[in-house]
1. Residue 77 is checked against (1) surrounded by fewer than 19 Cβ atoms within 10 Å (Cβ to Cβ); (2) touching a residue at least 12 places away in the same chain (Cβ under 8 Å) and fails just one. What number does that condition carry?
2. Kindly evaluate residue 138 against the criterion of being modelled with pLDDT under 95, away from the ligand (no atom under 16 Å from the Cβ), part of a helix (DSSP H, G or I) and closer than 21 Å to residue 27 by Cα.
3. Determine whether residue 60 is in contact with a Cys (Cβ under 8 Å, 6 or more places away or on another chain), touching a residue at least 12 places away in the same chain (Cβ under 8 Å) and not small (Gly, Ala, Ser).
4. Considering each of 122, 128 in turn, give the residue that is in a helix (DSSP H, G or I), free of Cβ contacts under 8 Å to residues at least 60 places away in the same chain and over 15 Å from the mean Cα position of the chain (by Cα).
5. Would you list the strands (runs of 3 or more DSSP E) that sit entirely within the stretch 1-117 and hold 2 or more residues that are within 16 Å of the ligand (Cβ to nearest atom), at pLDDT 95 or above and hydrophobic (A, V, I, L, M, F, W, C)?
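The values are calculated or read from the model by the stated rules, or taken from the named source; none is laboratory data. Because the structure is predicted, anything quoted here is derived from the model rather than measured. Methodologically, a virtual Cβ is constructed for each residue, glycine included, from the backbone with ideal geometry; neighbour enumeration extends over all protein chains shown.
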Amino acid sequence: MKRFKAPVALPRRDMSAGGCPFCCHEGLSLQTFHETEQCLCLYDIRPIVPGHSLILPKRHVGSFLSLGEAELMEMLLLAQRVLRALMKCYGAEGFDLALQEGECAGQSIRHLHLHLVPRRWGDLPDPGDWASAIEKGGVANRISDEEIAENVRRIRAALAEV
Ligand SMILES: [Zn+2]
């Protein structure tokens, strides 16, 4: 699996993208386990369960409804492939796929991102606790760089086989 490389051109910045943590691709290199022409796949640095990952468009898009057709297709096809890899990698029996749009829906970073959460029985006190766990993710402890790198390595290896 090729290593993540920073894009040659940074996405066009606008008022809404100013200071966006998902627009600084260099800053995401540690947690990036895969990239395509239009999307990045990241390991969540505050995972609610092992394997919790994110897929996002490289360009700053705030709304799911603003995605272009090619971006949308790439993102969804990628989600399916990454979920296969995550399930294999973490021995998952199911998964949650979540997208929060708008503050009223719990969106905290205004750059569209899809949460991929591989699930196992008993991983959270109640199966439905994932939504509140994602909401609280911003205050949970960040895992170490070593843990992030190890998970990135594992997912890359699994992705090469799906
Ligand atoms: Zn952004």
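1. (2) is the only condition that residue 77 fails.
2. Details: modelled with pLDDT under 95: yes; away from the ligand (no atom under 16 Å from the Cβ): yes; part of a helix (DSSP H, G or I): yes; closer than 21 Å to residue 27 by Cα: yes.
Judged against the criteria, residue 138 is a match.
3. Details: in contact with a Cys (Cβ under 8 Å, 6 or more places away or on another chain): yes; touching a residue at least 12 places away in the same chain (Cβ under 8 Å): yes; not small (Gly, Ala, Ser): yes.
Yes: the conditions hold for residue 60.
4. Working: 122 fails: in a helix (DSSP H, G or I).
After ruling out the rest, the residue left standing is 128.
5. Working: elements: 32-35, 39-43, 53-57, 94-99.
It comes to 39-43, 53-57.
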